[in-house]
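The values are calculated or read from the model by the stated rules, or taken from the named source; none is laboratory data. What you are looking at is a predicted structure, and each value in this text was computed from that prediction instead of being measured. Please note: Cβ atoms are built from the backbone with ideal geometry, for glycine as well, and neighbour counts cover all protein chains shown. Only protein heavy atoms, including side chains, enter the accessible area calculation; ligands, DNA and RNA are left aside. Shrake-Rupley method; radii C 1.70, N 1.55, O 1.52, S 1.80 Å.
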Amino acid sequence: MKVRAAALLSAPGKYETIEVELDGPRQNEVLVRVVAAGLCHSDDHIATGDLPVGKYPVVGGHEGAGIVEEVGPNTTGVAVGDHIVFSFMPVCGRCRWCATGRQNLCDLGALLLAGSRYDDPTSYRMTHNGEAVGQMCGTSTFAEYTTVDVRSIVVIPKDIPLDVACLVGCGVITGWGSAVNAAQTGPGDVVIVMGVGGIGVNAVQGARHSGAAQVIAVDPVASKREFATSVGATDAFETIEEAADYARSQTNGQGADSTIITTGITTGDHIAQGFASIRKAGTLVVAGFGNPAAVGVPISGPELVLYQKRIQGAIFGMANPTYDIPRALDLYRQGAIKLDELISRRYSLDDIAQGYVDMHAGLNIRGIVTF
Ligand SMILES: NC(=O)c1ccc[n+]([C@@H]2O[C@H](COP(=O)([O-])OP(=O)(O)OC[C@H]3O[C@@H](n4cnc5c(N)ncnc54)[C@H](O)[C@@H]3O)[C@@H](O)[C@H]2O)c1
Ligand SMILES: [Zn+2]
Ligand SMILES: [Zn+2]
């Protein structure tokens, strides 16, 4: 079938709407009508070329929710009409990582940015003018319809509106899990969240839910700081240095129990600033991405050793999508996670490039595309 989709023809580039030919589902695949997709910063990293992908054109989008329209032959566990959230990380359920409760590290992730099917780097489901088109994270939620591996979807209850459900496919779990799983926030903790956009505000929510006494938000954009306060931040500052000073003033000079880095374009300097803000034996969580070629974090080796500090990278909030996606939606239903409030603006497929201009201008916590 022919579907409209927002693609990058090359990078650096801008999202533009093209018509792609979409193949139907093969075994262990489904065709999904996308209802809503989130404008995560990672899709902008592939537009700027910070995160290079394996195949151009590529149809963007990895945060999304929709309704199953067609199920491949001999495919179990999902039915036409099911509501699903896309998991940007596929979950095979069998590899070492899936088998030990670390689905976010599933070995299928090796081809996350290849654009092809996970098991076959030569197999694609989208074409444009006869040429294969890559699918961001194997999903491509910036499309009216998409064909994905069943290992990239999680079936969810039908009472949750799909526009809010889409947010848990990346941003919510990534941020929440960075505070809950990666920082292991505990009661009474003092936590700094550096960069309170779509991911960071969910780290704020996760830290508060875990019992942090103080959650200090850092962002140069005043409206972001204000929003972070509305979802649980107790304090907010323009710079990490001010936040670190404040954390020390609240902890007898020690520093934050943990700091979580969720800046849009994460640099080595951000990581070093976060490292300086934590106490002895504190945890620095790094969840933001920057240019992979920019190697180097200016921190002192002896400070790492003598203060026994821990630096913890975190992909997808160190979460297990098949458990954590429905759990986050349960918590939403109970009022423990705010989702509706995170949606700042709604865009059409044709306006995705504008959505990213607005993201960079600091206008959105999360922009979403509705179809
Ligand atoms: N680890 C993962 O699994 C994962 C998943 C999704 C996204 N990400 C990455 O996380 C990062 C954040 O994504 P997002 O969608 O929330 O982006 P976003 O653009 O919505 O938010 C980033 C925020 O950082 C702020 N910021 C920029 N420089 C800052 C600084 N020096 N100090 C404090 N704040 C600063 C911006 O004002 C903005 O509010 C991106 O790099 C994205 O690619 C990682
Ligand atoms: Zn994302
Ligand atoms: Zn696996």
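Might you let me know whether the range 138-148 holds any residue that is open to solvent by 10 Å² or more (accessible area, probe 1.4 Å) and more than 16 Å from ligand 2 (Cβ to nearest atom)? Among the residues of the range 138-148, at least one is open to solvent by 10 Å² or more (accessible area, probe 1.4 Å) and more than 16 Å from ligand 2 (Cβ to nearest atom), which makes the answer yes. Anything in the range 149-169 that is touching a Leu at 6+ places or on another chain (Cβ under 7 Å), assigned to a helix (DSSP H, G or I) and open to solvent by less than 10 Å² (accessible area, probe 1.4 Å)? List them, or say none. Selection gives 164, 165, 167, 168. The residues of the range 323-371 that are of a type in the set (A, V, I, L, M, F, W, C) and not in a helix (DSSP H, G or I), listed by number, are 336, 337, 339, 343, 361, 363, 365, 368, 369, 371. Considering only residues in the range 184-193 that are touching a residue at least 40 places away in the same chain (Cβ under 8 Å) and open to solvent by 20 Å² or more (accessible area, probe 1.4 Å), the one that is nearest to residue 276 (Cα to Cα) turns out to be 189. Looking at this structure, is residue 214 within 21 Å of the chain's Cα centre (by Cα), open to solvent by 10 Å² or more (accessible area, probe 1.4 Å) and under 14 Å from residue 179 (Cβ atoms)? So residue 214 does not fit the description; no. Report, by residue number, each residue of the range 1-45 that is under 18 Å from the mean Cα position of the chain (by Cα) and over 12 Å from residue 146 (Cβ atoms). Correct list: 36, 38, 39, 40, 41, 42, 43, 44, 45. Within the range 322-333, being closer than 7 Å to residue 173 by Cβ and either assigned by TED's automatic domain parsing to the domain that holds residue 85 or open to solvent by less than 10 Å² (accessible area, probe 1.4 Å) (or both) holds for 325, 328. If you take the residues of the range 170-206 that are within 15 Å of the chain's Cα centre (by Cα), over 15 Å from residue 216 (Cβ atoms) and assigned to a loop (DSSP other than H, G, I, E, B), which of them is farthest from ligand 3 (Cβ to nearest atom)? It comes out as 197. The lone criterion from (1) within 15 Å of ligand 3 (Cβ to nearest atom); (2) more than 17 Å from the chain's Cα centre (by Cα); (3) buried (at least 18 other Cβ atoms within 10 Å of the Cβ) left unmet by residue 119 is number (3). Considering the range 72-105, the residues that are in a loop (DSSP other than H, G, I, E, B) and free of Cβ contacts under 8 Å to residues at least 24 places away in the same chain include one that is nearest to residue 51 (Cα to Cα), namely 95.
Screening 59, 91, 85 for residues that are β-branched (Val, Ile, Thr), within 16 Å of ligand 3 (Cβ to nearest atom), within 20 Å of the chain's Cα centre (by Cα) and crowded, with 21+ Cβ neighbours inside 10 Å leaves exactly one candidate, 91. Name every residue in the range 3-52 that is in contact (Cβ under 8 Å) with a residue 60 or more places away in the chain, among the polar types (S, T, N, Q) and away from ligand 2 (no atom under 16 Å from the Cβ), in order of residue number. 17, 28, listed by residue number. For the range 34-41, check the following and say yes or no: at least one residue is within 16 Å of ligand 1 (Cβ to nearest atom) and either part of a loop (DSSP other than H, G, I, E, B) or surrounded by fewer than 17 Cβ atoms within 10 Å (Cβ to Cβ) (or both). Yes, there is a match, as at least one residue in the range 34-41 is within 16 Å of ligand 1 (Cβ to nearest atom) and either part of a loop (DSSP other than H, G, I, E, B) or surrounded by fewer than 17 Cβ atoms within 10 Å (Cβ to Cβ) (or both). Just to check your reading of the model, which residue among 278, 261 is within 26 Å of the chain's Cα centre (by Cα), more than 19 Å from residue 224 (Cβ to Cβ), buried (at least 24 other Cβ atoms within 10 Å of the Cβ) and assigned by TED's automatic domain parsing to the domain that holds residue 304? It is 278. Against the conditions (1) away from ligand 1 (no atom under 16 Å from the Cβ); (2) farther than 24 Å from residue 177 by Cα; (3) modelled with pLDDT of 95 or more; (4) not charged (D, E, K, R), where does residue 295 fall short? Just the number, please. Of (1) away from ligand 1 (no atom under 16 Å from the Cβ); (2) farther than 24 Å from residue 177 by Cα; (3) modelled with pLDDT of 95 or more; (4) not charged (D, E, K, R), only one is false for residue 295: (3).
Residue-by-condition table, conditions (1) in contact with a helix residue (DSSP H, G or I) (Cβ under 7 Å, 6 or more places away or on another chain); (2) among the basic types (Lys, Arg); (3) more than 19 Å from residue 108 (Cα to Cα):
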| residue | (1), (2), (3) |
| --- | --- |
| 37 | yes, no, yes |
| 51 | yes, no, no |
| 56 | no, no, yes |
| 65 | yes, no, yes |
| 69 | no, no, yes |
| 74 | no, no, yes |
| 79 | no, no, yes |
| 84 | no, no, yes |
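Residue 47 satisfies every condition listed in (1) touching a Ser or Thr at 6+ places or on another chain (Cβ under 7 Å); (2) open to solvent by less than 30 Å² (accessible area, probe 1.4 Å); (3) farther than 14 Å from residue 143 by Cβ except (1). Within the option set 181, 202, being surrounded by 24 or more Cβ atoms within 10 Å (Cβ to Cβ), at pLDDT 95 or above and polar (S, T, N, Q) holds for one residue only, 202.
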